[in-house]
Every structure is written in C-alpha cells, then in structure tokens.
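Engineer: First the structure, then my questions, so here it is.
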Amino acid sequence: MKSYATLESTLQVSRAEDFTAETTRTYSGLRRSVFASTEPLPPGQWFWRYGVESDAGPIFGRPRPFAQKNAQKKTV
C-alpha cells in the first residue's frame, strides 16, 4: 500500500456528467490537491471529479457541477 505522501491523483473536467471521452479533459499524476489549468474553459455547464490512483486505475468521487462564465477583460 502506498503512503499518502506518494499517492497520485487525477482530476477530470467534462461537459457531460458521465465523463464521456470526447467531452472530458483529464489531468493525471497530480501530487497536490490544488490545480490551476493553463487553458481556460469555454463558458457553459461543466462537471468535475477527483480520483485517487490505485492499481486498478483511478477511484473517483461523485461528479460535481459548476458553471463557467464568460471571461471579462480587465480595463485600466
């Protein structure tokens, strides 16, 4: 069994609550519980779930919805 310090996790963000491959972005090998994507998500309804790696693949928690709003440009 791996210790907590060596566990890797996976974050998935998807347009579909069932996380079909075509609509899902997967970020694997994460070692921290904080994640900041370098690519913005398009506006709309999204779902996310977090998984811990196991020998059989990631074990995910339940999907959670969120809404991505249009990005606003900063004005000076």
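Engineer: Pairs please, first residue from the stretch 40-54 and over 17 Å from Thr20 (Cβ atoms) and free of Cβ contacts under 8 Å to residues at least 60 places away in the same chain, second anywhere and hydroxyl-bearing (Ser, Thr, Tyr) and assigned to a strand (DSSP E or B), Cβ atoms under 6 Å, 6+ apart in sequence or on different chains.
Structural biologist: Val52/Ser9
Engineer: Modelled with pLDDT of 90 or more and in contact with a strand residue (DSSP E or B) (Cβ under 7 Å, 6 or more places away or on another chain): is that true of Phe35 in this structure?
Structural biologist: Values: modelled with pLDDT of 90 or more: no; in contact with a strand residue (DSSP E or B) (Cβ under 7 Å, 6 or more places away or on another chain): yes.
Considered against the rule, which asks whether it is modelled with pLDDT of 90 or more and in contact with a strand residue (DSSP E or B) (Cβ under 7 Å, 6 or more places away or on another chain), Phe35 comes out as no.
Engineer: Would the stretch 54-62 turn up any residue that is surrounded by 15 or more Cβ atoms within 10 Å (Cβ to Cβ) and under 13 Å from Gln12 (Cα atoms)?
Structural biologist: yes
Engineer: Does Ser28 fit the bill of being modelled with pLDDT under 90 and either part of a loop (DSSP other than H, G, I, E, B) or surrounded by 10 or more Cβ atoms within 10 Å (Cβ to Cβ) (or both)? If you could, list the steps in order and put the result at the bottom.
Structural biologist: Details: modelled with pLDDT under 90: no; either part of a loop (DSSP other than H, G, I, E, B) or surrounded by 10 or more Cβ atoms within 10 Å (Cβ to Cβ) (or both): yes.
Judged against the criteria, Ser28 is not a match.
Engineer: Scan the stretch 31-48 for residues that are under 10 Å from the mean Cα position of the chain (by Cα), surrounded by 12 or more Cβ atoms within 10 Å (Cβ to Cβ) and not in a strand (DSSP E or B) and jot them down.
Structural biologist: Correct list: Phe35 only.
Engineer: Look at Phe19 and say whether it is over 20 Å from Leu7 (Cα atoms), in contact with a strand residue (DSSP E or B) (Cβ under 6 Å, 6 or more places away or on another chain), assigned to a strand (DSSP E or B) and not acidic (Asp, Glu). Walk me through how you get there before you give the answer.
Structural biologist: Numbers: over 20 Å from Leu7 (Cα atoms): yes; in contact with a strand residue (DSSP E or B) (Cβ under 6 Å, 6 or more places away or on another chain): yes; assigned to a strand (DSSP E or B): no; not acidic (Asp, Glu): yes.
No: the conditions fail for Phe19.
The values are calculated or read from the model by the stated rules, or taken from the named source; none is laboratory data. Computed from a predicted structure; not experimentally measured. Heads up, the Cβs are rebuilt from the backbone with ideal geometry, glycines too, and the neighbour counts pull from every protein chain shown.
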